[in-house]
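Comments concern the structure below.
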Number of protein chains: 2
Amino acid sequence: MSARELPLLFIRHAVAEDSHVLGDEARALTPEGRAAFRHHARKLARLTPLRGIITSPLVRAVQTAELLAEAFGVSGVEVHPALLPQRGAHKRIVDLGRERGAGWALVGHNPSLERAAIRALEHELPDKLRKGAALALHPLKNGGFTLAWWATPGKPVKRPGDLR
Amino acid sequence: MSARELPLLFIRHAVAEDSHVLGDEARALTPEGRAAFRHHARKLARLTPLRGIITSPLVRAVQTAELLAEAFGVSGVEVHPALLPQRGAHKRIVDLGRERGAGWALVGHNPSLERAAIRALEHELPDKLRKGAALALHPLKNGGFTLAWWATPGKPVKRPGDLR
């Protein structure tokens, strides 16, 4: 598989606790969310290799990115401001995806990650991007993307033919 | 091994990048720091089991805690404000250690973590608490602690007899 053929992954953080005394940024994965995402990450790693992982700095995203790094055997997890849950973040996420391209996983938050996928694909999504879900996009030479596959924890992997 | 006999671990985060555009809180582990700590965490897991892990919310600490969770097979990583690098944190770290006690690992920062160890042991440390180092304390019935062992990445584990 050449780097050109690797997908770009958009991955929403796994299930986290509802609140934290230090605020939203410090919310951690629940033990159940962690166990489900660990299993899911191993499944994702059988679908594609990765070149690197980029995450939001929020605890639940960093933890999700670390579970991914372990499953994929990736040696680095970078933190990038584009993945912070902020107004207008969806545009910055697509720009980051274009800049890094094939073989990178971007771990972030909704609604910005789901909006970024809609912007990248230039059409509505066939389902919600649930917690822990991974959306695989194939970068095109013209800067656009097509949907390669979609994997929600606990569900079969879906491909474009299944989603129509 | 009864819970009473498990140590309380103080663990300093692994080697991280020098700066980050989002500030100190977002500094991530370097690939080398990650690899060295992964190896170290496996060594620690052969020394003792753990009941749980508590970490500072800063990215480099969360990443270190996740590498520990993987090596120890621990299902939960909690975030606690006592481990934030703040003035006076060393007192709060010792209080947290007394409250949770045997079998818990606290992942934090210097100088507060090193100062917490000095406060818990009531004497100066025989060496610096280096990045990624783990200090194992045995909780005593009177609320005090004794030093069980000390493990710095890339060095042999030291016990009180080696440290005098």
* Look through the range A:1-53, keep the residues that are among the aliphatic types (A, V, I, L, M) and in a loop (DSSP other than H, G, I, E, B), and return whichever of them is farthest from A:THR146 (Cα to Cα). => A:VAL21
* Asked: Hey, among B:LEU96, B:LEU47, which residue is among the hydrophobic types (A, V, I, L, M, F, W, C) and open to solvent by less than 10 Å² (accessible area, probe 1.4 Å)?
  -> B:LEU96
* **So B:LEU129, is it in contact with a Gly (Cβ under 8 Å, 6 or more places away or on another chain) and either of a type in the set (Asp, Glu) or under 24 Å from B:LEU67 (Cα atoms) (or both)** => no
* Asked: Among the residues of the range B:36-44, is any open to solvent by less than 30 Å² (accessible area, probe 1.4 Å) and without any contact (Cβ under 8 Å) to a residue 24 or more places away in the chain?
  -> no
* Structure fact -> Among (1) within 8 Å of chain B (Cβ to nearest Cβ); (2) in a loop (DSSP other than H, G, I, E, B); (3) open to solvent by 30 Å² or more (accessible area, probe 1.4 Å), A:PRO57 falls short only on (3)
* Go through (1) closer than 27 Å to A:GLY161 by Cα; (2) out of contact with any strand residue (DSSP E or B) (no Cβ under 6 Å at 6 or more places or on another chain) one by one and return the number of the condition A:GLY88 breaks. => (1)
* Would you call A:ASP24 more than 10 Å from every other protein chain (Cβ to nearest Cβ), open to solvent by 60 Å² or more (accessible area, probe 1.4 Å), farther than 20 Å from A:LEU137 by Cα and in contact (Cβ under 8 Å) with a residue 24 or more places away in the chain? -> yes
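The values are calculated or read from the model by the stated rules, or taken from the named source; none is laboratory data. Remember, it's a predicted structure, so these values are computed and weren't measured experimentally. Glycine also receives a Cβ, built like all others from the backbone with ideal geometry; neighbour counts cover every protein chain displayed. Protein only, heavy atoms only, side chains kept; ligands, DNA and RNA dropped before computing areas. Shrake-Rupley method; radii C 1.70, N 1.55, O 1.52, S 1.80 Å.
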